[in-house]
1. Of all residues in the range 86-136, which are closer than 24 Å to Asn153 by Cα, away from the ligand (no atom under 16 Å from the Cβ) and assigned to a helix (DSSP H, G or I)?
2. Restricting to the range 1-11, name every residue that is of a type in the set (Val, Ile, Thr) and outside any strand (DSSP E or B).
3. Test Ala148 against the criterion of being of a type in the set (A, V, I, L, M) and modelled with pLDDT of 95 or more, and give yes or no.
4. Scan Ser173, Ser222 and give me the residue that is surrounded by fewer than 20 Cβ atoms within 10 Å (Cβ to Cβ) and among the small types (Gly, Ala, Ser).
5. Enumerate the pairs (first residue in the range 225-236 and without any contact (Cβ under 8 Å) to a residue 12 or more places away in the chain; second residue anywhere and surrounded by 13 or more Cβ atoms within 10 Å (Cβ to Cβ)) with beta-carbon separation below 6 Å, excluding pairs fewer than 6 apart on the same chain, so at least 6 apart or on different chains.
6. If I ask for residues that are in contact with a Leu (Cβ under 9 Å, 6 or more places away or on another chain) and either within 16 Å of the ligand (Cβ to nearest atom) or not hydrophobic (A, V, I, L, M, F, W, C) (or both), which ones from the range 54-80 would you list?
7. Of the conditions (1) of a type in the set (A, V, I, L, M); (2) in contact with a Cys (Cβ under 7 Å, 6 or more places away or on another chain); (3) in a loop (DSSP other than H, G, I, E, B), Val139 satisfies every one except a single condition; which number is it?
8. Looking at the range 1-53, which of its residues are away from the ligand (no atom under 14 Å from the Cβ), at negative phi and among the small types (Gly, Ala, Ser)?
Amino acid sequence: MVALMKINYAGTVPLSTLDWTGKAAVTIFFRGCPLRCPYCQNHPYLEGAGLVELDFVKEQIKISKPFVSAVVFSGGEPLMQGAVIPLAEFAKSLGLAVGIHTNGCYPERAAELAERKLVDKFFIDIKAPLDDPELYGKVAGWKEYKGASIVVNKTPEEIIAAVAKTIETADTSGLELELRTTVIRDFVGNEKEISSIAAWISEHVKNREVTYVLQQGIPEHSLEEGLRKNRVLEREELLELGKIAKGFLEKVRIRTKEEGEEIV
Ligand code: SF4
């Protein structure tokens, strides 16, 4: 008898309009992530085991099917688990579009999904300038995260190479693509850094429909206690950063708790 595949599962949002702009989606959160970004807002999903049968998650998707046109796999890091493949197959068999939120650390799995046409849109983090391993390592929690049983075992250079490869895969497969940076005052996302990321995208991504989104990080929800007291970046400040990115890219948006998503 074939063993039933399990998924380390964190939860479902049955109907979300926030996880894929323009679509009503059911969002499935995977537990576990290879990174420990100090600003992580989903840190309750980073560790522990919430193993459930794949059929349970398929049932969650099926229940939402009458109300949604898409499924979003988020986390944690959905590409960390092989279960994402059969779940994407299942979603496609129901006629749903598939979106994947990823930190870009699993280019091979991203490529498999793209080649087998099991994904329609990638949402990929660019956490810091890709030519700055020191900063990327800091933002991804490399060697910084304390008190956890898991440590980030990829070097910053390896993380950057994986992110660039994942972006290249998404770009060359002609899928919809959103790249996103979370901005936290005095931590990551100053003018120089945003300018450097936007310039990199402009130079390396051929898909002119690519959207770059600056997300307002909420320091008080951070994994790392030391960041929780940082003052949140105001919408106007994020908008100014968006205008800098707009100097390099056609499609730039900001996402804030005040106004939701706005085109810059
Ligand atoms: S913010 Fe970082 S640690 Fe948190 S889920 Fe995303 S990649 Fe993982």
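1. Passing the criteria: Glu108, Ala111, Glu112, Pro133, Glu134.
2. First, pick out the residues of the range 1-11 that are of a type in the set (Val, Ile, Thr): 2, 7.
If the condition is that a residue be of a type in the set (Val, Ile, Thr) and outside any strand (DSSP E or B), then Val2 is the only one that fits.
3. Working: of a type in the set (A, V, I, L, M): yes; modelled with pLDDT of 95 or more: no.
Criteria not met by Ala148.
4. Ser173
5. Arg228/Pro219; Arg228/Ser222
6. Step one: list which residues in the range 54-80 are in contact with a Leu (Cβ under 9 Å, 6 or more places away or on another chain), which gives 54-55, 57-58, 61-62, 64-65, 67-71, 73, 75-79.
Across the range 54-80, the qualifying residues are Asp55, Lys58, Lys62, Ser64, Lys65, Ser69, Phe73, Gly75, Gly76, Glu77, Pro78, Leu79.
7. It fails just one condition, (3).
8. Ala3, Ser16, Ala24, Ala25, Ala49, Gly50
The values are calculated or read from the model by the stated rules, or taken from the named source; none is laboratory data. These numbers were taken from a predicted model, which means no experiment stands behind them. Here the Cβ is made from the backbone with ideal geometry for all residues, glycine too, and neighbour counts use every protein chain on show.
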